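Everything below concerns the one structure shown next.
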Amino acid sequence: MALVFRLETVNFKKIRSIAKVAGTMVTIGGAMVMTLYKGPVVEIFHAHGHHAAQQTSSESADQHWVLGTLMLLGSIVGWSGFFILQSFTLKKYPAELSLTALICISGTVEGSIVTLIMERDFSVWVIGWDSRLLAAVYTVSSENIC
């Protein structure tokens, strides 16, 4: 997408351009392998009812792998479009920290609204000593790194 909008140039005589193209191909190839590979389910966190969860998740994965692949591709296109839009915005509005704060606030508000609409059970907002806490800590730490 960056090539289409002339934000990037590719010169195959330079190692930098070759690395960008190779990195893009490896990333897209890895994402496609992860979505199209139909192997055994890998459990990272073992839950109670292990066998029932594995059977349900494998049946669900068999039914929706095409939809999941399309959603992943849409996510990749949307994410790259966001970066292109951000680069155009930064050319006209050079206050990077203000723009970052605005993006984070609008993402928080949007995510909260979608969650309130989609989730009828308010217990999903409770953070306990499980993967929900890990997800919250990871989100906060990854935002601080950027």
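Here is the figure for region 1-39: residues that are in a loop (DSSP other than H, G, I, E, B) and either aliphatic (A, V, I, L, M) or modelled with pLDDT of 70 or more (or both) total 15. The residue pairs whose first member lies in region 101-129 and is in the same structural domain as T139 (by TED's automatic domain parsing), whose second member is part of a helix (DSSP H, G or I) and hydroxyl-bearing (S, T, Y), and whose beta carbons are closer than 9 Å, counting only pairs six or more residues apart or on different chains, are V124/T115; W125/T115.
Quick one: count up the residues across region 85-102 that are surrounded by 11 or more Cβ atoms within 10 Å (Cβ to Cβ) and either within 16 Å of the chain's Cα centre (by Cα) or not in a helix (DSSP H, G or I) (or both). Residues that pass the stated criteria total 1.
Would you be able to tell me the number of residues in region 103-123 that are loosely packed, with under 11 Cβ neighbours inside 10 Å and assigned to a helix (DSSP H, G or I)? Selection size over region 103-123: 12.
The residues of region 124-146 that are of a type in the set (A, V, I, L, M) and not in a helix (DSSP H, G or I), listed by number, are V126, I127.
The values are calculated or read from the model by the stated rules, or taken from the named source; none is laboratory data. Since the model is a prediction, treat every value here as computed from it, not as a measurement. So basically every Cβ, Gly included, is an ideal-geometry build from the backbone, and we count neighbours across all protein chains shown.
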